[in-house]
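These notes are about the structure you will find just below.
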Amino acid sequence: MAIYNFTGANGDPLPSGLTARNGTFEIQSNHAVATSPEPANPRWVFTLEGTADGSLSAPIFLGADSGSAAGFVLRYNPADGSHIFVNMSLGNDEVRVYTFSSGSYSQIGSGNFDFTQNNSYQPSAVMDGDSVVVSIGGNAAVTVTTTFNQTQTHHGIRLNKLDQYVDSVEFTETSTVEPPAETDSISIDEAPKNNHPYQRGSGGTATASFDVTYTGSPTALQYRLLDASNDSTVVQDWTTFDATPSGGSSTLSITRSPSLTPIHVEVRFSNETGITDLQTNDWYVGDIVLIFGQSLSEDLNTDGAITPLDGYFVYSNGSFSVPSTGVGANAIASAIITAEDCPVFIVNTGVGGTALTQESGQTDYWNRSSGGSLWPDTVNAVNTATSGANDIAFAWWHQGTKDSLEGVTETQYLSALNEFFTRVRGTFSGKGGSTLEIIMATFGRDTRGGATNTSHQAIRDAQINYIVSDDNTYPVNVYTSQNEDGVHATDAAYIELGQQVATQYYVMRGLVSGSIPSIISASTGDSSTEIDVSFSANLLLTDTTYSTEGVHVEDSTGALTVSSFERKDANTATITLGAAPTGTASVWISWGKGDTAQPLTYPRSESISLPNGAGDFSLAAGAFSDYEVSAVALNQPPIANAGQDQSVEAGIEFVLDGTGSQDIDGTIVEWRWTQ
């Protein structure tokens, strides 16, 4: 037996015993690779000298070109270059056998095999007299009978492209060759699709199960996990999964934590290690995220070009692929990937201009229980993406503009939310079968016209009321986002929105310290024109002055002018009015449509640090944003009373009695006499 490995420094020549017959070769990253320029047929060839009969095997990486052809040269004649060519044909999914003589190929046999780009395969060829048996990974692929060059003793490798390479070459003389029995085989089911996700459960792991079938009599069945990006890096070495196989079938169950490494499973007989099968569909354990609603959700995956992230995939037309657009969704994925090395798979079924409610007057709407396409398309997408498991990490709902434009009332929208999300949670579950968690956008600004302040406020009020009433729904305030056309966000705003969603995801999982600030009380400030608003969380200290847009105060006489809105201390902000209210004042924040498309500075939480340096983000105050939070009775000044008027002559002592003074809504805390 002769074994040739390619360990060495980059640029080293082929090891002694191997001869380049056509083109040139060198060692790179412990592989034998072809070097430029590209030679004429038979392209790049190197050989070893053995015996006429024997077994040749080598792991060969096929590369990315679907038209590439690589494999073995058998019984090579150094005098004229004639040989038998075993071709792993990537574009035709076949193993083809040719004779090569006088510059021409003639096919003498073929067999089917499913090859994929950028994968390594382990072909072997057993030569025995006029018989040549070719196997891939221990599975017989094609057998030919030929006397061509039957006495030649040189055999080797043929590469067709510069991105192909060989890891090692092994030749065994015929006396020790034991070709695999064609009646013995093993097969493992594929993952349902390439880049298939298995949603991690509440414990942080997921279990993937695969059916395994076999023929023959294995002593035990074993498996190992390989890095699917090259099929040569072992993630987990050989482990027995069925110690007493019987009946020709078994089930392999694998429990894994999230990892950015794509996985292929290889299985084999323990007693005949050449009987193997290897998956070709990549799979992962990670988080599946559903995004749905109107165009502001749809645009998360379409607006802005992105640089691909390892472990981030987007669902489309039945499969997951690496996206090239969508800065908002990319920000969500980037935070989760960086924080936990957890792959992210996004299913986005958002459609612009769509309504939630039947009262919107639309033919199709999200809460339509039967017919239409919005809800059925979402069900189908999630079902296909999860291969029927229908469990996801969380859902992001961003909607409301269309219902506002059509004058849907708060009661109508809230009723539709309750009905719709009951249906959503009856169809999809959260991690490990738990109740699905929803992150909901509280309706943003729309400065284009067409709807009223009242109609916008009605939708926000309904959303906030739903969030407050549901323990598994969490808000993200989008009122502060910068708009590019009066309603749709800029790329920068979509990035921040994605960061807000990811931060809320970690807050609701209890993995970071922080929360969205919400108003817990409002009271009179230091003067009659000030209202102090207290928040449930400490505010970001770098922001001291907030936008007055959307801050609305009214008393019995109507709306009051808001002069300023500023941070007062760690968790308090002061609203200053143009004039003191009469009697009781009511306060709203994020009121109506909005006056500007520019980003707004609003109260935010202190910076929240995501795990593993995934970023420091502050959450825009949420639950206060869309409803009346408090009635504020403003402080009335005390009335000074020094007693009855007195007339006295100069120099005569007299007494003033201030006990008649009073403070109708408090206690007098200081007395001061002036002349």
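Using 19 Å as the cut-off for backbone N distance, which residues of the range 114-138 belong to the label zone defined by a point 7 Å from the Cα of SER168 along Cα→Cβ?
Once the point is set 7 Å along Cα→Cβ of SER168, 120-126, 135-138 turn out to lie under 19 Å by backbone N, inside the range 114-138.
Rank by packing, highest mean first: peptides 381-390, 194-203, 239-248, with packing defined as the count of other Cβ atoms within 10 Å averaged across residues.
Working: 381-390: 17.8, 194-203: 20.0, 239-248: 12.6.
Result, highest mean first: 194-203, 381-390, 239-248.
Rounding to the nearest 10 and keeping the result within 0 to 90°, find how far the Cα-based axis of helix 327-340 lies from the longest principal axis of the chain.
Its long axis makes an angle of about 70 degrees.
To the nearest 20 Debye, how big is the dipole of the range 362-503 about its Cα centre, given +1 on the beta carbon of each Lys and Arg and -1 on that of each Asp and Glu?
Dipole of the range 362-503, to the nearest 20 debye: 180 debye.
How long is the gain from THR251 to SER415 if the chain were fully straight, where each residue apart is worth 0.36 nm and the alpha carbon distance is subtracted?
Roughly 54.4 nm would be gained on extension.
Go ahead and run the numbers for FRET between LEU260 and ARG672, Cβ-Cβ distance against an R0 of 51 Å, rounding to 0.05. Display every interim value, and only then the final one.
Details: r = 70 Å, r/R0 = 1.38.
In this case the efficiency is close to 0.15.
Nearest 20 debye, what's the magnitude of the dipole of the chain about its Cα centre given +1 on Lys and Arg Cβ and -1 on Asp and Glu Cβ?
Taking the Cα centre of the chain as origin, the dipole is about 1360 debye.
Give me the angle, in degrees from 0 to 90, between the Cα long axis of helix 374-385 and the longest principal axis of the Cα atoms of the chain, rounded to the nearest 10.
On a 0 to 90 degree scale, this one is about 40.
Determine the share of the chain's accessible area contributed by carbon and sulfur atoms, expressed in whole percent, with a 1.4 angstrom probe.
44
Roughly how many whole Å is it from the C-alpha centroid of the range 303-354 to that of the range 523-559?
38
Relative to the longest principal Cα axis of the chain, at what angle does helix 453-469 sit, 0 to 90 degrees, rounded to 10?
Result, in degrees: 70.
Can you compute the modelled spin-label distance between VAL655 and SER66, with each label point 7 Å from Cα toward Cβ, in nm?
10.8
Can you say what percent of the DSSP beta bridges in the chain, counting only those with both residues inside, are antiparallel? Round to 5.
Taking every DSSP beta bridge within the chain, about 85 percent pair in antiparallel fashion.
Classify the chain as rounded, prolate or oblate from the Cα gyration tensor: take a ≥ b ≥ c as the square roots of its eigenvalues, call it rounded if a/c is under 1.5, otherwise prolate when a/b beats b/c and oblate if not.
Cα axes put the chain in the prolate bin.
What's the extension gain from ALA492 to THR147 if we count 0.36 nm per residue and subtract their Cα-Cα distance? Write out the running numbers ahead of the final one.
Working: separation 345, 0.36 × 345 = 124.20 nm, distance 6.97 nm.
Computed gain between ALA492 and THR147 is 117.2 nm.
Using 1/(1 + (r/R0)^6) with R0 = 41 angstrom and r between the beta carbons of THR454 and SER373, what's the FRET efficiency to the nearest 0.05?
0.85
Which value in deg cm²/dmol, rounded to the nearest 500, describes the helix-derived mean residue ellipticity at 222 nm for the chain, given -39,500 (n - 2.57) per DSSP H run of n ≥ 4 and division by the residue count?
Using -39500 (n - 2.57) per qualifying helix, the result is -4000 deg cm²/dmol.
Which value, in Å², gives the accessible area per residue of the chain when a 1.4 Å probe is used on the protein heavy atoms?
Result: 41 Å² per residue.
What's the ranking of 155-168, 359-372 by average number of surrounding C-beta atoms within 10 Å, highest first?
Highest mean packing first, the order is 155-168, 359-372.
Which lysines have a Cα lying under 23 Å from the Cα of LYS193, excluding residues fewer than 8 positions away in the same chain?
Cross-link targets: LYS431.
When a/c reaches 1.5 or more, the comparison of a/b and b/c decides; with that in mind, is the range 74-224 rounded, prolate or oblate per its Cα gyration tensor?
It comes out prolate by the Cα gyration axes.
The values are calculated or read from the model by the stated rules, or taken from the named source; none is laboratory data. Bear in mind the structure is a predicted one, so any value in this text is a computation, not a measurement. Here Cβ is always computed from backbone atoms with ideal geometry, including for glycine, and neighbour counts include all displayed protein chains. Just so you know, the surface numbers come from the protein's heavy atoms only, side chains and all, with ligands and any DNA or RNA stripped out. Shrake-Rupley method; radii C 1.70, N 1.55, O 1.52, S 1.80 Å.
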